[in-house]
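The values are calculated or read from the model by the stated rules, or taken from the named source; none is laboratory data. Note that this is a predicted model, so its numbers are computed, not measured. Here the Cβ positions follow ideal geometry from the backbone for every residue, glycine too, while neighbour counts run over all protein chains shown.
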Number of protein chains: 2
Amino acid sequence: MDNQRPLILVSNDDGLMAKGINELIKFLRPLGEVVAMVPDRPRSGAACSLTVTEPIHYELVRKEVGLTVYRCSGTPTDCIKLALHTLLERKPDLVVAGINHGDNSSVNVHYSGTMGVVMEGCLKGIPSIGFSICDHSVDVDFAPAAPYIRSIVQQVLQQGLPRLSCLNVNFPAIPDYKGVRICRQTAGQWEHAWEHFAHRGDTHYYWLTGEFVDADADCEETDHWALNNGYVAVTPVRADVTDYALMDSLKQWFE
Amino acid sequence: MDNQRPLILVSNDDGLMAKGINELIKFLRPLGEVVAMVPDRPRSGAACSLTVTEPIHYELVRKEVGLTVYRCSGTPTDCIKLALHTLLERKPDLVVAGINHGDNSSVNVHYSGTMGVVMEGCLKGIPSIGFSICDHSVDVDFAPAAPYIRSIVQQVLQQGLPRLSCLNVNFPAIPDYKGVRICRQTAGQWEHAWEHFAHRGDTHYYWLTGEFVDADADCEETDHWALNNGYVAVTPVRADVTDYALMDSLKQWFE
């Protein structure tokens, strides 16, 4: 009978030790059979990257009724590809990533390993959702996110998502959430992105840092506005990145 | 006077030893001042990944009139971020990636380090183009691509690209090109993606492989159709990945 429950494939980019994924698994277990294939170390900023130049490896960490957990030496996207190929006897009903310790709204969608998990599920035709919170703390309190996560997951399990569409859900840092806003990706960019330091007399070492500069902070449609105003930001994401609007004018270039 | 020429920032994901980037630099030099910041090793499948957990380093490789080349320990996206932050006194007129040894059409756009370069340029507000060829050979002949690359680059230098739009250009494996087609991203997916083997008695080692299964091979609008029929495929890509069409129906979920 257990096979009749929804099958939920879970991963993240913070690795198996992160509180976020353990909380996520806890929140999801009442909703289905959970299989987690999780990076064996932090993989923040992994985007949709793949391990190409070396083999990857996975191993069983934990198995009990309704939950199986594996750790994997690959990237977040590798984890989903490998789980679909090697672990699962049926196609999952859902792929869920997170809960990421850190904001994946706006342009972060492109760098995020959390969204690398989601994009891979989406490209494989599986409804897929990423959850992130705008707080990097190791011990952040995820409890206020639980009812939102369960509600969004249940909606997606019931209604599905269009082919090549997925969800990027971000929670504000302050937990007194005002509700859900459906958003578009904020325009903006990271600036002052590198901290410069010397090592053994060589001054060309740089560590990634930076601050995000919002290009449309005041627009109430954006995910940044939602997060800055206490709302849970649900940004639908399209895996077909064709710029259809540009096709016609480009055709004129080559006539 | 040299500062009046277009400034072109170049990178790739195959690393500095690859023929593709050296050919690209050769093709671009007549069109402007070229600065290359290139990964110091192959980074295929790097997507838009960033180096987060360690510092990165770069060094000068070559400097002559109109060309400066650096190598960098970071990802393709790091290369662009770091070059913009540390090397360039003015904003480049163009970011160009490639020429990649391998096909970056269809869903490969999400995994490609070549397109990681392009996406970063695009997010920074710079017109950006990725060039790839559907041939993995180390010694592939790029000469037939040269007039197309020069023509596309000149068009983009003259006409620009809309904010948050960039180009993914792929050349067929067979060099007798029939012209340019403006395309959309082919739907499809990689299947049978992992080759399984044993190492020291542990059978859980996997190496990425797979075959691409086209979901709309017969549609003449797709980049796969163009490539399979001898055309140079120019696919415009949008860095705002919001699924605008889905926003309204999602709003109904939370009413």
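From the list A:Ala83, A:Ala18, A:Ala47, exactly one residue is closer than 24 Å to A:Asp141 by Cα and modelled with pLDDT of 95 or more. Which is it? Even if it seems obvious, please write down each step before you answer.
Numbers: A:Ala83 fails: closer than 24 Å to A:Asp141 by Cα; A:Ala47 fails: closer than 24 Å to A:Asp141 by Cα.
The match here is A:Ala18.
With the condition being farther than 18 Å from B:Thr51 by Cβ, I'd like the helices (runs of 4 or more DSSP H) fully within the stretch B:68-167 carrying at least 2 qualifying residues. Outline the logic, then answer.
Values: elements: B:76-82, B:108-111, B:113-123, B:146-159.
Here the list reads B:108-111, B:113-123, B:146-159.
Name the residues in the stretch B:192-201 that are surrounded by 10 or more Cβ atoms within 10 Å (Cβ to Cβ), assigned to a strand (DSSP E or B) and of a type outside the set (Phe, Trp, Tyr), would you?
Within the stretch B:192-201, the first condition is being surrounded by 10 or more Cβ atoms within 10 Å (Cβ to Cβ), and the residues that meet it are B:192-197, B:199.
The next check asks that each one be assigned to a strand (DSSP E or B); those that pass are B:194-197, B:199.
The answer is B:Glu195, B:His196, B:His199.
Among the residues in the stretch A:159-181, are any facing another protein chain (nearest Cβ under 10 Å), surrounded by fewer than 19 Cβ atoms within 10 Å (Cβ to Cβ) and farther than 24 Å from A:Pro6 by Cα?
Checked against the condition, which is being facing another protein chain (nearest Cβ under 10 Å), surrounded by fewer than 19 Cβ atoms within 10 Å (Cβ to Cβ) and farther than 24 Å from A:Pro6 by Cα, the stretch A:159-181 yields at least one hit.
Filter the stretch A:203-244 down to the residues that are closer than 22 Å to A:His192 by Cβ, of a type in the set (D, E, K, R) and in a loop (DSSP other than H, G, I, E, B) and list them by number.
Within the stretch A:203-244, just A:Asp216 meets the criteria.
Report, by residue number, each residue of the stretch A:83-105 that is farther than 28 Å from A:Gln158 by Cβ and over 17 Å from the mean Cα position of the chain (by Cα).
Within the stretch A:83-105, A:Thr86 is the sole residue that qualifies.
Can you tell me how many residues within the stretch A:26-51 are farther than 17 Å from A:Ser73 by Cα and either part of a helix (DSSP H, G or I) or touching a Lys or Arg at 6+ places or on another chain (Cβ under 6 Å) (or both)? Lay out the reasoning, then the answer.
If we filter the stretch A:26-51 for residues that are farther than 17 Å from A:Ser73 by Cα, which is where we start, we get A:26-34.
Still in the list and also either part of a helix (DSSP H, G or I) or touching a Lys or Arg at 6+ places or on another chain (Cβ under 6 Å) (or both): A:26-33.
Qualifying residue count for the region: 8.
Could you tell me whether the stretch A:45-53 includes any residue that is in contact with a strand residue (DSSP E or B) (Cβ under 9 Å, 6 or more places away or on another chain), under 21 Å from A:Phe131 (Cα atoms), within 13 Å of another protein chain (Cβ to nearest Cβ) and not hydrophobic (A, V, I, L, M, F, W, C)?
Within the stretch A:45-53, one or more residues are in contact with a strand residue (DSSP E or B) (Cβ under 9 Å, 6 or more places away or on another chain), under 21 Å from A:Phe131 (Cα atoms), within 13 Å of another protein chain (Cβ to nearest Cβ) and not hydrophobic (A, V, I, L, M, F, W, C).
Restricting attention to the stretch A:199-244, and to residues there that are facing chain B (nearest Cβ under 8 Å), over 30 Å from B:Cys72 (Cβ atoms) and free of Cβ contacts under 8 Å to residues at least 60 places away in the same chain, which single residue is farthest from the chain's Cα centre (by Cα)? Spell out the reasoning first.
The initial filter retains those residues of the stretch A:199-244 that are facing chain B (nearest Cβ under 8 Å), namely A:199, A:202, A:204-208, A:234-244.
If we keep only those that are over 30 Å from B:Cys72 (Cβ atoms) too, we end up with A:234-236, A:238, A:240, A:242, A:244.
Still in the list and also free of Cβ contacts under 8 Å to residues at least 60 places away in the same chain: A:242, A:244.
Details: A:Thr242: 21, A:Tyr244: 25 Å.
Per the stated criteria, the residue is A:Tyr244.
When the stretch B:134-158 is examined, which residues are found to be surrounded by 13 or more Cβ atoms within 10 Å (Cβ to Cβ) and among the aliphatic types (A, V, I, L, M)?
B:Val140, B:Ala145, B:Ala146, B:Ile149, B:Ile152, B:Val153, B:Val156, B:Leu157
Name the one entry in B:Val38, B:Val61, B:Val69, B:Val52 that is in contact with a Leu (Cβ under 8 Å, 6 or more places away or on another chain), surrounded by 23 or more Cβ atoms within 10 Å (Cβ to Cβ) and either closer than 21 Å to B:Leu167 by Cα or not acidic (Asp, Glu) (or both).
Numbers: B:Val61 fails: surrounded by 23 or more Cβ atoms within 10 Å (Cβ to Cβ); B:Val69 fails: surrounded by 23 or more Cβ atoms within 10 Å (Cβ to Cβ); B:Val52 fails: surrounded by 23 or more Cβ atoms within 10 Å (Cβ to Cβ).
Matching residue, one of B:Val38, B:Val61, B:Val69, B:Val52: B:Val38.
Just to be sure I understand, how many residues within the stretch A:54-66 are more than 7 Å from chain B (Cβ to nearest Cβ) and in contact with a Ser or Thr (Cβ under 6 Å, 6 or more places away or on another chain)? Spell out how you get there, then give the answer.
So the first thing to find is which residues in the stretch A:54-66 are more than 7 Å from chain B (Cβ to nearest Cβ), and the list is A:54, A:60-66.
Among the residues that remain, those that are also in contact with a Ser or Thr (Cβ under 6 Å, 6 or more places away or on another chain) are: none.
Counting residues in the stretch A:54-66 that are more than 7 Å from chain B (Cβ to nearest Cβ) and in contact with a Ser or Thr (Cβ under 6 Å, 6 or more places away or on another chain) gives 0.
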